[in-house]
1. Taking only pairs that are 8 or more places apart or on different chains, how many Lys pairs in region 114-210 have Cα atoms under 24 angstrom apart?
2. Taking a ≥ b ≥ c as the square roots of the Cα gyration tensor eigenvalues, with a/c under 1.5 meaning rounded and otherwise prolate when a/b beats b/c, else oblate, which class fits region 126-195?
3. Excluding residues on the same chain fewer than 8 positions from residue 66, give the lysines whose Cα lies under 28 Å from its Cα.
4. To the nearest 0.05, how large is the calculated FRET efficiency for residue 195 and residue 143 if R₀ is 22 Å and r is the Cβ-Cβ distance?
5. Give me the 1.4 Å probe accessible area per residue for region 62-105, excluding ligands and nucleic acids, in Å².
6. Using 0.36 nm times the number of residues separating residue 112 and residue 63, minus their current alpha carbon distance, what extension gain do you get?
7. For an R0 of 35 angstrom, estimate the FRET efficiency from the Cβ-Cβ distance between residue 80 and residue 102 and round to the nearest 0.05.
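The values are calculated or read from the model by the stated rules, or taken from the named source; none is laboratory data. From a predicted model like this one, the values you see are computed outputs, not experimental measurements. Here Cβ is always computed from backbone atoms with ideal geometry, including for glycine, and neighbour counts include all displayed protein chains. All accessible areas refer to the heavy atoms of the entire protein, side chains included, with ligands and DNA or RNA removed. Shrake-Rupley method; radii C 1.70, N 1.55, O 1.52, S 1.80 Å.
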Amino acid sequence: MADEESKQPDEQPEAAAQTEAPEGEAPEAEAAATEAPEAEAAAEPAGDAAPAPAEEAGEEEALTPKQARKRARSRAQSPAKPPRSGAERAAERAERRRARAAIRRRRRGGERAARAGSGEGTPPAERREGSRKVRQGTVISAKPDKTITVRIEIARRHPVYEKVVRRSATLHAHDERNDAHEGDVVRVVESRPLSKTKRWRLVEILERAR
(Lines give C-alpha, C1' and ligand atoms only; values in the text may rest on other atoms or scores of the structure.)
Protein backbone atom coordinates (compact mmCIF):
# COMPACT_ATOMS: atom_id res chain seq x y z
CA MET A 1 0.00 0.00 0.00
CA ALA A 2 2.84 2.31 0.79
CA ASP A 3 4.33 1.67 -2.63
CA GLU A 4 1.06 2.51 -4.33
CA GLU A 5 0.73 5.73 -2.38
CA SER A 6 4.28 6.66 -3.24
CA LYS A 7 3.58 6.07 -6.93
CA GLN A 8 0.41 8.18 -6.99
CA PRO A 9 2.13 11.49 -6.16
CA ASP A 10 4.63 10.80 -8.96
CA GLU A 11 1.85 10.15 -11.42
CA GLN A 12 -0.12 13.21 -10.50
CA PRO A 13 2.51 15.72 -11.79
CA GLU A 14 2.62 13.81 -15.07
CA ALA A 15 -1.17 13.97 -15.36
CA ALA A 16 -1.09 17.62 -14.41
CA ALA A 17 1.54 18.23 -17.06
CA GLN A 18 -0.61 16.39 -19.58
CA THR A 19 -3.67 18.39 -18.65
CA GLU A 20 -1.72 21.65 -18.59
CA ALA A 21 -0.14 21.00 -21.98
CA PRO A 22 -3.39 21.31 -23.91
CA GLU A 23 -4.20 24.45 -21.94
CA GLY A 24 -0.81 25.87 -22.92
CA GLU A 25 -1.40 25.00 -26.53
CA ALA A 26 -4.77 26.72 -26.51
CA PRO A 27 -3.34 30.28 -26.35
CA GLU A 28 -1.00 29.45 -29.20
CA ALA A 29 -3.96 28.16 -31.28
CA GLU A 30 -5.99 31.22 -30.37
CA ALA A 31 -3.12 33.48 -31.35
CA ALA A 32 -2.80 31.65 -34.68
CA ALA A 33 -6.57 31.93 -35.19
CA THR A 34 -6.50 35.67 -34.52
CA GLU A 35 -3.48 36.16 -36.73
CA ALA A 36 -5.17 34.41 -39.70
CA PRO A 37 -8.08 36.93 -40.06
CA GLU A 38 -5.63 39.79 -39.66
CA ALA A 39 -3.52 38.36 -42.48
CA GLU A 40 -6.64 37.94 -44.61
CA ALA A 41 -7.73 41.49 -43.80
CA ALA A 42 -4.28 42.75 -44.74
CA ALA A 43 -4.42 40.82 -48.01
CA GLU A 44 -7.88 42.12 -48.92
CA PRO A 45 -6.90 45.80 -49.28
CA ALA A 46 -4.05 44.76 -51.54
CA GLY A 47 -6.57 42.95 -53.74
CA ASP A 48 -8.89 45.97 -53.70
CA ALA A 49 -6.07 48.37 -54.51
CA ALA A 50 -4.97 46.37 -57.54
CA PRO A 51 -7.94 47.20 -59.85
CA ALA A 52 -7.71 50.95 -59.10
CA PRO A 53 -5.62 51.69 -62.24
CA ALA A 54 -8.12 49.72 -64.31
CA GLU A 55 -10.96 51.86 -62.91
CA GLU A 56 -9.04 55.02 -63.73
CA ALA A 57 -8.42 53.71 -67.22
CA GLY A 58 -12.13 53.02 -67.56
CA GLU A 59 -12.93 56.58 -66.51
CA GLU A 60 -10.46 57.94 -69.04
CA GLU A 61 -11.98 55.77 -71.76
CA ALA A 62 -15.44 57.13 -70.87
CA LEU A 63 -14.30 60.75 -71.42
CA THR A 64 -15.27 62.52 -74.62
CA PRO A 65 -12.47 63.67 -76.93
CA LYS A 66 -12.97 67.27 -75.83
CA GLN A 67 -12.75 66.32 -72.16
CA ALA A 68 -9.65 64.21 -72.83
CA ARG A 69 -7.95 67.15 -74.58
CA LYS A 70 -8.87 69.46 -71.73
CA ARG A 71 -7.44 67.03 -69.19
CA ALA A 72 -4.26 66.60 -71.24
CA ARG A 73 -3.83 70.39 -71.42
CA SER A 74 -4.38 70.72 -67.67
CA ARG A 75 -1.77 68.03 -66.97
CA ALA A 76 0.77 69.38 -69.44
CA GLN A 77 3.55 71.40 -67.86
CA SER A 78 4.66 74.27 -70.04
CA PRO A 79 7.65 76.45 -69.21
CA ALA A 80 6.81 79.69 -67.46
CA LYS A 81 6.83 82.73 -69.74
CA PRO A 82 8.77 85.83 -68.80
CA PRO A 83 6.73 88.69 -67.31
CA ARG A 84 5.22 90.96 -69.96
CA SER A 85 3.47 94.29 -69.92
CA GLY A 86 -0.12 94.85 -70.97
CA ALA A 87 0.93 96.39 -74.27
CA GLU A 88 3.08 93.36 -75.12
CA ARG A 89 0.23 90.96 -74.39
CA ALA A 90 -2.14 93.06 -76.50
CA ALA A 91 0.35 93.00 -79.38
CA GLU A 92 0.64 89.21 -79.13
CA ARG A 93 -3.16 88.83 -79.19
CA ALA A 94 -3.43 91.09 -82.22
CA GLU A 95 -0.75 89.07 -84.02
CA ARG A 96 -2.55 85.80 -83.27
CA ARG A 97 -5.83 87.26 -84.53
CA ARG A 98 -4.21 88.44 -87.74
CA ALA A 99 -2.76 84.99 -88.34
CA ARG A 100 -6.11 83.30 -87.72
CA ALA A 101 -7.87 85.82 -89.98
CA ALA A 102 -5.42 85.06 -92.79
CA ILE A 103 -6.06 81.33 -92.38
CA ARG A 104 -9.83 81.91 -92.49
CA ARG A 105 -9.55 84.04 -95.62
CA ARG A 106 -7.56 81.36 -97.42
CA ARG A 107 -10.00 78.63 -96.36
CA ARG A 108 -13.09 80.61 -97.35
CA GLY A 109 -11.54 81.60 -100.65
CA GLY A 110 -10.90 77.93 -101.41
CA GLU A 111 -14.48 77.03 -100.47
CA ARG A 112 -15.88 79.76 -102.71
CA ALA A 113 -13.71 78.61 -105.59
CA ALA A 114 -14.87 75.02 -105.10
CA ARG A 115 -18.53 76.09 -105.03
CA ALA A 116 -18.08 78.25 -108.11
CA GLY A 117 -16.49 75.38 -109.99
CA SER A 118 -19.07 72.75 -109.01
CA GLY A 119 -22.31 74.75 -108.64
CA GLU A 120 -24.57 75.88 -111.45
CA GLY A 121 -25.72 79.15 -109.95
CA THR A 122 -26.90 82.17 -111.87
CA PRO A 123 -23.89 83.96 -113.37
CA PRO A 124 -23.53 87.62 -112.40
CA ALA A 125 -24.97 90.09 -114.88
CA GLU A 126 -22.48 91.79 -117.13
CA ARG A 127 -22.28 95.45 -116.39
CA ARG A 128 -20.13 98.03 -118.05
CA GLU A 129 -18.62 100.82 -116.03
CA GLY A 130 -20.87 103.86 -116.01
CA SER A 131 -24.00 102.00 -117.14
CA ARG A 132 -27.23 102.50 -115.19
CA LYS A 133 -29.16 99.74 -113.47
CA VAL A 134 -32.48 98.73 -115.03
CA ARG A 135 -35.24 96.97 -113.08
CA GLN A 136 -38.65 95.59 -113.94
CA GLY A 137 -41.50 95.42 -111.46
CA THR A 138 -45.15 95.99 -110.68
CA VAL A 139 -46.64 99.32 -109.61
CA ILE A 140 -48.23 98.97 -106.18
CA SER A 141 -49.03 102.65 -105.60
CA ALA A 142 -49.50 105.67 -107.92
CA LYS A 143 -51.26 108.08 -105.53
CA PRO A 144 -48.49 110.70 -105.15
CA ASP A 145 -48.04 113.23 -107.94
CA LYS A 146 -45.33 112.21 -110.44
CA THR A 147 -44.23 109.34 -108.21
CA ILE A 148 -44.90 105.61 -108.36
CA THR A 149 -43.97 102.83 -105.95
CA VAL A 150 -42.67 99.73 -107.71
CA ARG A 151 -42.22 96.26 -106.19
CA ILE A 152 -39.26 94.32 -107.56
CA GLU A 153 -39.24 90.51 -107.28
CA ILE A 154 -35.77 89.08 -106.75
CA ALA A 155 -34.94 85.38 -107.14
CA ARG A 156 -31.38 84.28 -106.49
CA ARG A 157 -29.71 80.96 -105.86
CA HIS A 158 -28.18 80.63 -102.40
CA PRO A 159 -24.38 80.34 -102.73
CA VAL A 160 -24.11 77.53 -100.14
CA TYR A 161 -27.42 75.62 -100.12
CA GLU A 162 -28.10 75.98 -103.88
CA LYS A 163 -31.74 76.80 -103.11
CA VAL A 164 -33.59 79.55 -104.98
CA VAL A 165 -34.37 82.29 -102.47
CA ARG A 166 -37.12 84.71 -103.43
CA ARG A 167 -37.54 88.13 -101.90
CA SER A 168 -39.00 91.48 -102.89
CA ALA A 169 -37.96 95.11 -102.62
CA THR A 170 -39.80 98.37 -103.15
CA LEU A 171 -38.49 101.55 -104.73
CA HIS A 172 -39.85 104.95 -105.69
CA ALA A 173 -39.61 106.08 -109.31
CA HIS A 174 -40.31 109.40 -111.00
CA ASP A 175 -43.29 109.41 -113.43
CA GLU A 176 -43.28 112.83 -115.12
CA ARG A 177 -46.66 112.43 -116.92
CA ASN A 178 -48.44 110.18 -114.37
CA ASP A 179 -48.90 107.48 -117.03
CA ALA A 180 -48.50 104.42 -114.78
CA HIS A 181 -51.30 103.07 -112.60
CA GLU A 182 -51.53 100.39 -109.93
CA GLY A 183 -50.97 96.90 -111.32
CA ASP A 184 -48.97 97.99 -114.37
CA VAL A 185 -45.73 96.21 -115.19
CA VAL A 186 -43.09 98.86 -115.77
CA ARG A 187 -39.38 99.23 -116.40
CA VAL A 188 -37.43 101.77 -114.40
CA VAL A 189 -33.86 103.00 -114.69
CA GLU A 190 -31.42 104.34 -112.14
CA SER A 191 -31.13 108.13 -111.98
CA ARG A 192 -29.75 110.97 -109.91
CA PRO A 193 -31.46 111.71 -106.56
CA LEU A 194 -34.75 113.38 -107.42
CA SER A 195 -36.08 113.62 -103.85
CA LYS A 196 -35.43 112.15 -100.43
CA THR A 197 -36.49 108.64 -101.54
CA LYS A 198 -36.58 108.77 -105.37
CA ARG A 199 -33.52 107.41 -107.15
CA TRP A 200 -35.29 105.85 -110.18
CA ARG A 201 -37.14 107.05 -113.28
CA LEU A 202 -39.91 105.44 -115.34
CA VAL A 203 -38.71 104.28 -118.76
CA GLU A 204 -41.72 102.50 -120.24
CA ILE A 205 -44.90 100.63 -119.37
CA LEU A 206 -44.60 97.00 -120.44
CA GLU A 207 -48.10 95.77 -119.56
CA ARG A 208 -51.25 97.54 -118.44
CA ALA A 209 -53.31 96.31 -115.51
CA ARG A 210 -56.55 94.56 -116.49
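1. 7
2. oblate
3. By straight Cα distance, residue 66 reaches 81.
4. 0.90
5. 94 Å²
6. 14.0 nm
7. 0.75
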